[in-house]
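S.K.: Quick one: the structure is below, questions incoming.
The values are calculated or read from the model by the stated rules, or taken from the named source; none is laboratory data. None of the values given here were measured: they were computed from a predicted structure. Every residue, glycine as well, gets a Cβ built from its backbone with ideal geometry; the counts of neighbours run over all protein chains shown.
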Ligand code: WTA
């Protein structure tokens with residue numbers, strides 16, 4: 001976001017006070033900030049009491065070896081027991097855990113907590129039968145169907161960390177994740193429904209498994225679409241096992257083991273500033289405390305709420321605020337298989353009387369473009385709270401969301417956090433904070449954030465800089481899978497004792513935080529994290545490409561869009577007529593369709609400094625159709641003229 005847009009933003013003076021009834025009855029009141037400030041550890045210790053523990057912890061936090069934190073030291077618990085068994089034991093077995101809505105109309109299922117408990121127990125028994133033991137990693141590559149939640153909880157029950165790979169990622173991306181965490185079992189489905197048609201998943205798993213040699217021993221397959229797939233059953237010495245064969249007949253009794261609070265719960269791969277995705281490691285006690293507390297506090301969750309988080313389970317939002325947080329809180333939630341089809345979301349809100357909706361600004365902007373007549377045609381009076389996540393929300397989208405979707409009565413909570421933080425870190429509290437459109441406001445109770453300059457000095461109100469986190473928090477990542485050094489280098493080496501988030505931010509005159517997007521080579525497209533370097537590597541792996549530079553250019557709907565500049569090899573000539581489409585497809589194959597560049601420009605040169613570093617800032621100017629900035633540090637200042645001539649002829 002440019003400085004100019006920013007000052008427009010910060011002159012935004014609309015304020016939305018919490019509704020009086022919500023404020024009066026809010027789960028968290030103003031005093032929580034002071035209480036947490038006066039004794040942070042006691043505050044989080046109290047939050048951990050929300051959970052059921054086997055053995056209670058001896059120490060809330062061990063920070064004696066920073067940046068490696070241990071939370072609730074000595075405590076034991078089981079995440080799946082906390083998400084299902086205990087609700088059944090408390091007499092809430094008949095409460096609906098998941099109202100599942102398939103993409104094909106009328107394809108729905110309601111799953112109670114009692115049913116979920118049985119299904120998770122069966123799946124845990126089936127996985128044990130397949131040889132999965134505590135500590136083994138299991139890869140999950142599935143659409144948004146209830147079995148994905150069952151699979152995750154069954155892994156958690158066994159203490160087998162899962163790694164869920166977004167179903168939109170390619171076979172190559174899946175293979176590299178399976179290899180990195182050495183998963184011996186993959187859980188998938190034949191396919192899923194996307195935009196009205198069955199789309200296959202299993203072929204990508206076959207290809208990925210092929211690439212990983214002998215690593216994968218079993219592929220457990222849910223039949224979702226019934227489409228034709230290749231089958232290598234165990235009878236023929238193959239790896240494939242149908243979920244219904246393995247799980248349906250398994251016993252619904254499963255005695256859970258209590259795992260150490262620091263036992264690994266899952267690994268989630270996310271894009272970093274280098275080509276190789278990072279395996280973010282989350283552990284059990286702290287993660288569950290952080291997600292359960294924030295889900296209750298930020299969404300002011302009440303027993304009769306119907307909550308709906310629209311994120312895909314393949315991203316961290318689906319882990320923390322669809323799977324673990326809401327289930328640990330015994331909430332009733334909606335899970336929807338499809339994408340934002342016109343009107344369908346509002347039909348779901350109306351049918352299920354959704355009270356809390358949590359989604360991303362990209363979706364809101366898409367609905368804005370479609371026009372308010374569509375949502376206006378539904379009864380959405382059940383809604384009482386709206387959340388936003390994944391990217392900065394511009395004031396127009398915020399106000400539209402509040403007025404059109406929220407009937408001008410629902411507070412909007414703009415929640416800032418990351419795969420790494422595991423839990424929401426910066427957000428309004430709906431019963432306390434007067435919302436400002438565009439600002440995520442301030443750190444939650446128990447969280448300590450600031451904005452600093454290059455020398456780690458706090459910038460103070462009215463100024464911009466880098467967002468940092470100053471104190472450890474329960475759901476923080478513990479390390480990068482198999483790479484402690486990279487964990488330290490990436491997040492903790494810039495300034496002593498501070499976690500560097502990678503985001504720019506500004507404090508307004510009231511000291512409230514405005515997030516400004518990434519300051520590193522990470523892009524944010526439709527709320528999904530993509531790495532410029534990773535897409536550049538994908539492009540140069542194409543035989544016709546000599547060099548590539550990728551930038552995230554501002555996009556009205558998706559926040560940012562991927563724009564690539566490539567130099568072709570001499571041997572490729574002009575690349576041929578379809579070169580752009582050929583390269584877009586290549587990126588989709590290497591990483592996934594979400595990483596496909598919106599625009600690819602074939603250029604004769606790239607702007608480089610004398611030391612050979614590509615000046616992406618200048619390319620961004622071109623991609624955003626701006627006057628090109630200062631070119632004096634370029635080795636050859638005429639390069640930008642060459643590129644600009646190309647721009648005129650770009651597709
Ligand atoms: C961005 C998603 C502004 C930010 C939960 C962060 C946001 C990255 C917001 C993490 C927000 C997330 N306002 N920016 N409310 N929420 N971001 O790991 O740049 O997929 O660093 O986690 O998304 O993306 P991730």
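S.K.: Restricting attention to segment 217-241, report how many residues are within 30 Å of the chain's Cα centre (by Cα) and under 29 Å from residue 104 (Cα atoms).
M.R.: Final tally of qualifying residues: 12.
S.K.: For residue 356, work out the one condition from (1) crowded, with 24+ Cβ neighbours inside 10 Å; (2) within 13 Å of the ligand (Cβ to nearest atom); (3) more than 21 Å from residue 510 (Cβ to Cβ) it doesn't fulfil.
M.R.: Looking at each condition in turn, residue 356 falls short on (2).
S.K.: Please go through segment 502-536 and pick out each residue that is more than 10 Å from the ligand (Cβ to nearest atom) and in contact with a helix residue (DSSP H, G or I) (Cβ under 8 Å, 6 or more places away or on another chain).
M.R.: Hits for segment 502-536 are 506, 508, 521, 525, 526, 532, 534, 535.
S.K.: Contact list please: Cβ distance under 6 Å, first residue in segment 291-310 and at positive phi and modelled with pLDDT of 95 or more, second residue buried (at least 24 other Cβ atoms within 10 Å of the Cβ) and in a loop (DSSP other than H, G, I, E, B), pairs at least six apart or on different chains.
M.R.: Matching pairs, first to second residue: 300/430.
S.K.: Take the conditions in a strand (DSSP E or B) and under 18 Å from residue 316 (Cα atoms) and apply them to residue 139. Does it pass?
M.R.: Taking the combined requirement at face value, the residue satisfies it.
S.K.: What's the number of the only condition in (1) at pLDDT below 90; (2) surrounded by fewer than 18 Cβ atoms within 10 Å (Cβ to Cβ) that residue 616 fails to meet?
M.R.: Failed condition: (2).
S.K.: Restrict the check to segment 151-160 and report whether at least one residue is more than 19 Å from residue 78 (Cβ to Cβ) and crowded, with 24+ Cβ neighbours inside 10 Å.
M.R.: The answer is no, given that none of the residues of segment 151-160 is more than 19 Å from residue 78 (Cβ to Cβ) and crowded, with 24+ Cβ neighbours inside 10 Å.
S.K.: Something else about it: For segment 525-629, please list each of the strands (runs of 3 or more DSSP E) lying entirely inside it that holds at least 1 residues being under 26 Å from residue 270 (Cα atoms) and out of contact with any strand residue (DSSP E or B) (no Cβ under 8 Å at 6 or more places or on another chain).
M.R.: 528-531
S.K.: Out of (1) at pLDDT 95 or above; (2) within 14 Å of the ligand (Cβ to nearest atom); (3) touching a helix residue (DSSP H, G or I) at 6+ places or on another chain (Cβ under 7 Å), the odd one out for residue 273 is which?
M.R.: (1)
Per-residue answers, yes or no, for (1) at pLDDT below 95; (2) within 14 Å of residue 473 (Cα to Cα); (3) in a strand (DSSP E or B):
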| position | (1), (2), (3) |
| --- | --- |
| 35 | no, no, no |
| 41 | no, yes, no |
| 47 | no, yes, no |
| 51 | no, no, no |
| 63 | no, yes, yes |
| 70 | no, yes, yes |
| 82 | no, no, no |
| 85 | no, no, no |
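S.K.: Please find, within segment 397-418, the residue that is modelled with the lowest pLDDT out of those that are within 12 Å of the ligand (Cβ to nearest atom) and out of contact with any strand residue (DSSP E or B) (no Cβ under 7 Å at 6 or more places or on another chain).
M.R.: So the residue we want is 397.
S.K.: State yes or no: is residue 455 out of contact with any helix residue (DSSP H, G or I) (no Cβ under 6 Å at 6 or more places or on another chain), at pLDDT 95 or above and more than 16 Å from the ligand (Cβ to nearest atom)?
M.R.: yes
S.K.: Only one residue in 556, 581 is surrounded by fewer than 18 Cβ atoms within 10 Å (Cβ to Cβ), within 29 Å of the chain's Cα centre (by Cα) and under 24 Å from residue 361 (Cα atoms). Which one?
M.R.: The unique qualifying residue is 556.
S.K.: Just for segment 437-452: of the residues that are out of contact with any strand residue (DSSP E or B) (no Cβ under 6 Å at 6 or more places or on another chain) and more than 13 Å from the ligand (Cβ to nearest atom), which one is nearest to residue 469 (Cα to Cα)?
M.R.: So, considering only residues that are out of contact with any strand residue (DSSP E or B) (no Cβ under 6 Å at 6 or more places or on another chain) and more than 13 Å from the ligand (Cβ to nearest atom), the one nearest to residue 469 (Cα to Cα) is 448.
S.K.: Does residue 640 fit the bill of being farther than 30 Å from residue 166 by Cβ, free of Cβ contacts under 8 Å to residues at least 40 places away in the same chain and touching a helix residue (DSSP H, G or I) at 6+ places or on another chain (Cβ under 7 Å)?
M.R.: Considered against the rule, which asks whether it is farther than 30 Å from residue 166 by Cβ, free of Cβ contacts under 8 Å to residues at least 40 places away in the same chain and touching a helix residue (DSSP H, G or I) at 6+ places or on another chain (Cβ under 7 Å), residue 640 comes out as yes.
S.K.: For residue 562, are the conditions met, namely being over 19 Å from residue 645 (Cβ atoms), within 16 Å of the ligand (Cβ to nearest atom) and either in contact with a helix residue (DSSP H, G or I) (Cβ under 6 Å, 6 or more places away or on another chain) or modelled with pLDDT of 90 or more (or both)?
M.R.: Criteria met by residue 562.
S.K.: Here's a follow-up. Every residue in segment 165-184 that is outside any helix (DSSP H, G or I) and touching a helix residue (DSSP H, G or I) at 6+ places or on another chain (Cβ under 7 Å), please.
M.R.: Correct list: 165, 168, 170.
S.K.: I've got another one for you. Name the one entry in 325, 318 that is under 17 Å from residue 417 (Cβ atoms), at pLDDT 95 or above, surrounded by fewer than 24 Cβ atoms within 10 Å (Cβ to Cβ) and within 16 Å of the ligand (Cβ to nearest atom).
M.R.: 318
S.K.: Also, quick follow-up: Residues of segment 225-262 being closer than 22 Å to residue 117 by Cβ and assigned to a loop (DSSP other than H, G, I, E, B), which ones?
M.R.: Correct list: 247, 248, 249, 250, 251, 252, 253, 254, 255, 256, 257, 258.
S.K.: Name every residue in segment 335-351 that is buried (at least 24 other Cβ atoms within 10 Å of the Cβ) and either on the phi > 0 side of the Ramachandran plot or touching a strand residue (DSSP E or B) at 6+ places or on another chain (Cβ under 6 Å) (or both), in order of residue number.
M.R.: Matches in segment 335-351: 335 only.
S.K.: Within segment 397-414, take every residue that is free of Cβ contacts under 8 Å to residues at least 40 places away in the same chain and surrounded by fewer than 21 Cβ atoms within 10 Å (Cβ to Cβ) and give me the one that is nearest to residue 519 (Cα to Cα).
M.R.: Checking each candidate, the answer is 400.
S.K.: Here is a follow-up. Only residues that are on the phi < 0 side of the Ramachandran plot and surrounded by fewer than 20 Cβ atoms within 10 Å (Cβ to Cβ): list them for segment 562-578, please.
M.R.: 567, 569, 570, 571, 572, 574, 577, 578
S.K.: So is residue 644 in contact with a strand residue (DSSP E or B) (Cβ under 6 Å, 6 or more places away or on another chain) and either part of a helix (DSSP H, G or I) or at positive phi (or both) or not?
M.R.: When the stated conditions are applied, residue 644 does not pass them.
S.K.: Let me ask another. Among the listed residues 262, 341, 337, identify the single one that is closer than 23 Å to residue 398 by Cα and more than 14 Å from the ligand (Cβ to nearest atom).
M.R.: Of the residues listed, the single one that is closer than 23 Å to residue 398 by Cα and more than 14 Å from the ligand (Cβ to nearest atom) is 341.
S.K.: May I ask you to verify whether residue 431 is in a loop (DSSP other than H, G, I, E, B), buried (at least 24 other Cβ atoms within 10 Å of the Cβ) and away from the ligand (no atom under 16 Å from the Cβ)?
M.R.: Considered against the rule, which asks whether it is in a loop (DSSP other than H, G, I, E, B), buried (at least 24 other Cβ atoms within 10 Å of the Cβ) and away from the ligand (no atom under 16 Å from the Cβ), residue 431 comes out as no.
S.K.: Something else about it: With the requirement that a residue be under 17 Å from residue 475 (Cβ atoms) and either at pLDDT below 95 or more than 16 Å from the ligand (Cβ to nearest atom) (or both), what does segment 276-290 give you?
M.R.: Result: 278, 283, 284, 285, 286, 288, 289.
S.K.: Of everything in segment 202-213, what is part of a loop (DSSP other than H, G, I, E, B) and either at pLDDT 95 or above or touching a strand residue (DSSP E or B) at 6+ places or on another chain (Cβ under 8 Å) (or both)? Give them in sequence order.
M.R.: Within segment 202-213, just 212 meets the criteria.
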